Amino acid sequence: METANIPFIHLIPLAIKCRLYKKTLLVTWYEYWGDYWKIYKGKYKGKIFQSFEQLITKIGVLSACSTLTQKRLKIATQSPHIPVIKCGIWFKKLKALQSKNQPSQNTLIYAGRLMKEKRLEILISAIKILVEDLGHDLKVKIIGSGPYADHLKELSIKLRIDDSIQFYGKLENIEDVWQEIAKATLSINPSEREGFGLFGLESMALGTPVIYCESDDNAMMDMIRHRQEGICTEANPTMLAKSIDELLYDRNSRNEIRENGIRRSYEFDWSNIATDFEQLSYRLINNKNQICDAPLETH
């Protein structure tokens, strides 16, 4: 049996059931928070959640969706063998969408939750620099909902760039989001925390070059390599604006990153991920539910 680590509490009855039926429980971890719980929930509540998360790591056989989460789980569990089974995409479906759309000129896009950790203030402040200081005529599309929505709208009004930014809210289905990403010139993600970074991966498959901000808590830094499939920049408005300005002007670099991103994203097609999962399943069976050899990291 395979399940995600979130929301934690479901792992207890699943572990009991698997033990009764003598089955293996494989738990896929999408993120390990550790000390971050104290920031997210406060000192005392955070300590409780942190302790519970640590306890949950003892349930089942663990795998991680990124090398970042893998490293953190290895430290938390003192286990040298935690395989990586990455998240997947429907590559052909996404590639077909990018071939149907011509990118809109000077259009930037973000899609995801509107939360503090996404650091969208950096993007909005960078837009002010691009519009007022560098003279760009930009259209910025922000797709998604969350507790920071009103704050971000107010900030765009305060900086007098609300004419350049359109807040879409949550779209009806994921295909609508994909179509908007495919039509954009650049995909921008200043997020501080990404357990995997599906928005960036889908952007690559859709043929939209990605610019993102560096962070020790951002798994996109392993998936989207700097100056190859995307641009990684310092997490401040000035440097983000500089990177956006560079790619808007340099069509050759933009096209090179676009093609590299499409090739890279194919590695995450579900057909490849399914092969990895099958290999891990056979390994568990042959080794009596234990990961005894090197971690699986073929894609």
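Throughout, read-outs are computed from the coordinates displayed, never taken from laboratory work. Only a predicted model underlies this, so the values are computations on that prediction, with no experimental measurement involved. We place every Cβ from the backbone using ideal geometry, glycine too, and count neighbours over all the protein chains shown.
Return the sequence-ordered ³J(HN,Hα) values of the range 253-265 in whole Hz as given by the Karplus equation 6.51 cos²θ - 1.76 cosθ + 1.60 applied to θ = phi - 60°, using x for Gly and Pro.
Residue by residue, the range 253-265 yields 5, 4, 5, 5, 5, 4, 5, 4, x, 4, 5, 5, 5 Hz.
Please get the size of the charge dipole for the chain, origin at its Cα centre, with Cβ charges of +1 on Lys and Arg and -1 on Asp and Glu, quoted in debye to the nearest 20.
1120 debye
I'd like the distance separating the alpha-carbon centroids of the range 204-227 and the range 144-184, in whole Å.
20 Å
Say the dipole of the range 91-266 comes from +1 at the beta carbon of Lys and Arg and -1 at that of Asp and Glu; which of Gly200, Leu130, Leu120 then lies farthest toward its positive end?
After comparing all options, I get Gly200.
Report the Cα centroid-to-centroid distance between the range 27-50 and the range 230-274 in angstrom, as an integer.
For the range 27-50 versus the range 230-274, the Cα centre distance is 31 Å.
Dipole size in debye (nearest 20) for the range 147-218 around its Cα centre, Lys and Arg Cβ +1, Asp and Glu Cβ -1?
The dipole of the range 147-218 has a size of about 220 debye.
In deg cm²/dmol, rounded to 500, what helix-only [θ] at 222 nm does the chain give when every DSSP H run of at least 4 residues adds -39500 (n - 2.57) and the total is split over its residues?
Only helices count here, giving -14000 deg cm²/dmol.
I'd like to compare 53-63, 12-22: which one has the highest average count of other Cβ atoms within 10 Å, and what's the full order after that?
Sorting 53-63, 12-22 by mean packing, highest first, produces 53-63, 12-22.
Kindly provide the Kirkwood hydrodynamic radius of the chain in Å, to one decimal, from all pairs of distinct alpha carbon atoms.
Across the chain, the inverse of the average 1/r is 20.5 Å.
Using the Cα centre of the chain as origin and beta-carbon charges of +1 (Lys, Arg) and -1 (Asp, Glu), tell me which of Gln98, Met220, Gln179 is placed farthest towards the positive end of the dipole.
Among Gln98, Met220, Gln179, the one farthest towards the positive end of the dipole of the chain is Met220.
Please give every one of the aspartates and glutamates within straight-line cross-link reach of Lys23, meaning a C-alpha to C-alpha distance under 19 Å, and leave out same-chain neighbours fewer than 8 residues apart.
Result set, ordered by chain and number: Glu2, Glu278.
A 32 angstrom limit on the alpha carbon distance is what I want to check against. Which of Lys43/Lys153; Lys45/Lys128; Lys58/Lys153; Lys74/Lys153; Lys45/Lys71; Lys38/Lys170 exceed it?
Those over the limit are Lys45/Lys128; Lys58/Lys153; Lys74/Lys153.
Have a look at Leu62, Cys18, Gln78 and report the one farthest towards the positive end of the charge dipole of the range 1-149, computed about the Cα centre with Cβ charges (Lys/Arg +1, Asp/Glu -1).
Final value for the positive-end residue is Cys18.
Going by average Cβ neighbours within 10 Å, how do the peptides 269-278, 180-189, 239-248 rank, with the highest at the top?
Result, highest mean first: 180-189, 239-248, 269-278.
Treating only the Cβ atoms of Lys and Arg (+1) and Asp and Glu (-1) as charged, compute the dipole magnitude of the range 91-266 about its Cα centre; round to the nearest 20 debye.
Result for the range 91-266 is approximately 540 debye, rounded to the nearest 20.
Of the residues Gly34, Gly135, Gly261, which exhibits the maximal mean-square fluctuation in a Gaussian network model of the chain defined by a 10 Å Cα contact cut-off?
Looking only at Gly34, Gly135, Gly261, the biggest GNM fluctuation is shown by Gly135.
Quick one: angle between helix 174-183 and the longest Cα principal axis of the chain, in degrees between 0 and 90, rounded to 10, please.
So the helix axis and the longest Cα principal axis differ by about 40 degrees.
Relative to the first principal axis of the alpha-carbon coordinates of the chain, what is the inclination of helix 67-77, with its axis defined by its Cα atoms, in degrees from 0 to 90 and to the nearest 10?
Taking Cα atoms only, the helix is inclined about 40 degrees.
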